[in-house]
1. Is it true that ALA96 is modelled with pLDDT under 90, over 23 Å from ASP209 (Cβ atoms), open to solvent by 20 Å² or more (accessible area, probe 1.4 Å) and among the hydrophobic types (A, V, I, L, M, F, W, C)?
2. Look through VAL90, VAL49 and report the one residue that is surrounded by 13 or more Cβ atoms within 10 Å (Cβ to Cβ), within 20 Å of VAL217 (Cβ to Cβ) and at pLDDT 90 or above.
3. Which condition number in (1) open to solvent by less than 50 Å² (accessible area, probe 1.4 Å); (2) modelled with pLDDT under 95; (3) more than 15 Å from the chain's Cα centre (by Cα) is the one that LEU33 fails?
4. Out of the residues in the stretch 59-85 that are over 17 Å from ARG142 (Cα atoms), modelled with pLDDT under 85 and not small (Gly, Ala, Ser), which is most open to solvent (accessible area, probe 1.4 Å)?
5. So for the stretch 139-154 (the condition being at pLDDT 85 or above, open to solvent by 40 Å² or more (accessible area, probe 1.4 Å) and in a loop (DSSP other than H, G, I, E, B)), does at least one residue qualify?
6. Condition first: at pLDDT below 95, open to solvent by 30 Å² or more (accessible area, probe 1.4 Å) and of a type outside the set (D, E, K, R). Now tell me which residues in the stretch 206-231 satisfy that.
Amino acid sequence: MRRTALATVVLVFGALLGACDGGAVAFADARALADGVTTAIDGKAAKFVTEVTAGTMRSKSQGQARVAGTGAALAMTTDFLGEPLELRLVDKIVFAKVPEAAREDFPGGKPWVKVSPDGADPFSQVAGGSIDQLAKQNDPARAFDQVRKAGTLVESGHTELDGVPAERYRLDVDMAALGGDLPAGLSAEALGELQGKLGKIPMEIWLDDTHRPLRIVLDLAPVLAASGAPDSSMARIVTRYSEWGTQADIQAPPPEEIGEIPAG
């Protein structure tokens, strides 16, 4: 009788494990994962919410992204230095909307300006790199380019995310292998200063049943720890994607609304 009861428990437990695992996942290594997701999202659009945590700092962005082989287009709002900022990324150019209260400080009082990480104007020199990264880090295709270049698959399996069946992948990303294509606003100079202290950083990815990303989590605690930051226990970027297949007509601002910032 005890054997029968034990066998029943083992069978039930095995069935539960099988239901959680669901068999093999679609991708066996980081390159296959990156290639498969890139194909699945090419030409499609989604909504996204990105939350950045670094010690006591919190920042949130939200908007829409349209993926294409020639480069993503994004329309988003974000917290920048504690103030809301509207950004667009079109044809690899980042446009920032000037807050109404500050437009009198810009030539012509026009509502939009181009932002460049290597621009000669004072605004780009002070904030260009940060704003450029804020926009581009929300491009899902860029995230999977980084996985392709520098990712190593550590663990994978089947799970649920917000009640939806999902595949979950855990990877290590070798920062040195990324070259100049660094995540999270990190500069090549900053990475150089951490040389020998920083190796790989963890990344987690959840995909839906058509291989489109649902959530991407990049753990930046090793970066803060390597830099000697006092509060490095919580530092990460979490991006949630939803409504894949949504219509997203993302255009650059009209030329007559774009102001030119004179070089300093």
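1. Spelling it out, it is not the case that ALA96 is modelled with pLDDT under 90, over 23 Å from ASP209 (Cβ atoms), open to solvent by 20 Å² or more (accessible area, probe 1.4 Å) and among the hydrophobic types (A, V, I, L, M, F, W, C).
2. Details: VAL90 fails: within 20 Å of VAL217 (Cβ to Cβ).
Of VAL90, VAL49, the one residue that is surrounded by 13 or more Cβ atoms within 10 Å (Cβ to Cβ), within 20 Å of VAL217 (Cβ to Cβ) and at pLDDT 90 or above is VAL49.
3. Only one criterion in (1) open to solvent by less than 50 Å² (accessible area, probe 1.4 Å); (2) modelled with pLDDT under 95; (3) more than 15 Å from the chain's Cα centre (by Cα) is unmet by LEU33, namely (2).
4. LEU81
5. There is no residue in the stretch 139-154 that is at pLDDT 85 or above, open to solvent by 40 Å² or more (accessible area, probe 1.4 Å) and in a loop (DSSP other than H, G, I, E, B).
6. Within the stretch 206-231, PRO222, LEU224, ALA225, SER227, GLY228, ALA229, PRO230 qualify.
The values are calculated or read from the model by the stated rules, or taken from the named source; none is laboratory data. All values derive from a computational prediction rather than experimental measurement. All Cβ positions, glycine included, derive from the backbone under ideal geometry; neighbour counts span all protein chains shown. The protein model used for the area step is the full one, side chains on, heavy atoms only, and it has no ligands, DNA or RNA in it. Shrake-Rupley method; radii C 1.70, N 1.55, O 1.52, S 1.80 Å.
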